[in-house]
Amino acid sequence: IDENCVGDECTEMEAQCLANTLQPGTNLVAAAYCLYSSSCFLVLTLGTGTYGFTLDENIGEFVLSHPKIQIPETSKILSFNEANTYMWDKPLQDVVTGWKNGTGKSGETFSSRYIGSMVGDVHRTLLYGGVFGYPADTKNKTGKLRLLYEGAPMSFIMEQAGGLSTTGTGRVMEITPSFVHQRVPMVMGSKNCVQEVIDAYTAAGN
């Protein structure tokens with residue numbers, strides 16, 4: 001809200017701004033993130049696949065280094081803050097426990113890789129497969145990631161690479177935000193792994 005603007009005109013302008021902003025991720029036409037690591041990476045989708053570029057410092061330009069990224073359909077890497085496991089929904093607890101014990105649908109024993117930075121964790125997940133999640137818990141009942149500028153754009157990138165992104169009970173991309181900084185629980189990554197989470201919530205009647 002512009003504190004220097006008063007009157008009905010300001011209210012109308014704010015309403016128009018919110019109408020343009022509060023849209024579901026399915027209306028996105030582009031999404032990208034930039035990662036500063038061993039190199040500087042730019043990952044981008046325009047709705048026709050996900051592409052990775054690496055900064056070439058010699059010419060000062062981003063060069064296509066990862067054309068048409070496709071996340072593996074299954075993997076054995078999980079990326080969650082497992083200190084919060086006891087506060088998660090029971091279906092998610094059960095799935096993650098199965099992965100760690102090797103009793104999940106794949107029969108593989110998962111290993112944990114968690115940086116604590118969404119961009120870093122999602123980037124690794126895109127390239128090598130696995131599941132990244134910041135789910136709801138008893139303390140943060142709507143999760144912690146912001147739907148408009150974290151959840152939806154990253155879900156767009158993930159889906160365009162062949163992955164899935166869910167709250168557990170619904171597709172993140174289909175949620176219409178009610179306010180700008182709305183939070184959303186998220187689990188995203190390899191198709192088969194995320195589907196196992198979705199199936200667990202469905203079986204539990206959530």
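The values are calculated or read from the model by the stated rules, or taken from the named source; none is laboratory data. Everything quoted here is computed from the prediction, not taken from an experiment. Methodologically, a virtual Cβ is constructed for each residue, glycine included, from the backbone with ideal geometry; neighbour enumeration extends over all protein chains shown. Quick note on the areas: whole protein, heavy atoms, side chains included, nothing else; ligands and nucleic acids left out. Shrake-Rupley method; radii C 1.70, N 1.55, O 1.52, S 1.80 Å.
So which residues in region 72-113 are aliphatic (A, V, I, L, M) and open to solvent by less than 70 Å² (accessible area, probe 1.4 Å), if there are any at all?
ILE77, LEU78, MET87, LEU92, VAL95, VAL96
Out of the residues in region 12-61 meeting the condition of being aliphatic (A, V, I, L, M) and touching a strand residue (DSSP E or B) at 6+ places or on another chain (Cβ under 8 Å), tell me which one is farthest from VAL180 (Cα to Cα).
LEU55
Yes or no: region 41-48 includes at least one residue that is in contact (Cβ under 8 Å) with a residue 24 or more places away in the chain, within 21 Å of VAL197 (Cβ to Cβ), surrounded by fewer than 17 Cβ atoms within 10 Å (Cβ to Cβ) and polar (S, T, N, Q).
No; the residues of region 41-48 include none that is in contact (Cβ under 8 Å) with a residue 24 or more places away in the chain, within 21 Å of VAL197 (Cβ to Cβ), surrounded by fewer than 17 Cβ atoms within 10 Å (Cβ to Cβ) and polar (S, T, N, Q).
Among VAL43, VAL29, VAL96, VAL63, which is within 23 Å of TYR149 (Cα to Cα) and either outside any loop (DSSP other than H, G, I, E, B) or of a type in the set (D, E, K, R) (or both)? Reasoning before the result, please.
On the way: VAL29 fails: either outside any loop (DSSP other than H, G, I, E, B) or of a type in the set (D, E, K, R) (or both); VAL96 fails: within 23 Å of TYR149 (Cα to Cα); VAL63 fails: within 23 Å of TYR149 (Cα to Cα).
Being within 23 Å of TYR149 (Cα to Cα) and either outside any loop (DSSP other than H, G, I, E, B) or of a type in the set (D, E, K, R) (or both) holds for just one of VAL43, VAL29, VAL96, VAL63, which is VAL43.
Test TYR134 against the criterion of being out of contact with any Leu (no Cβ under 6 Å at 6 or more places or on another chain), on the phi < 0 side of the Ramachandran plot and of a type in the set (Phe, Trp, Tyr), and give yes or no.
no
For region 57-67, indicate whether the set of residues that are in contact with a His (Cβ under 9 Å, 6 or more places away or on another chain) and either touching a residue at least 24 places away in the same chain (Cβ under 8 Å) or open to solvent by 50 Å² or more (accessible area, probe 1.4 Å) (or both) is non-empty.
No; the residues of region 57-67 include none that is in contact with a His (Cβ under 9 Å, 6 or more places away or on another chain) and either touching a residue at least 24 places away in the same chain (Cβ under 8 Å) or open to solvent by 50 Å² or more (accessible area, probe 1.4 Å) (or both).
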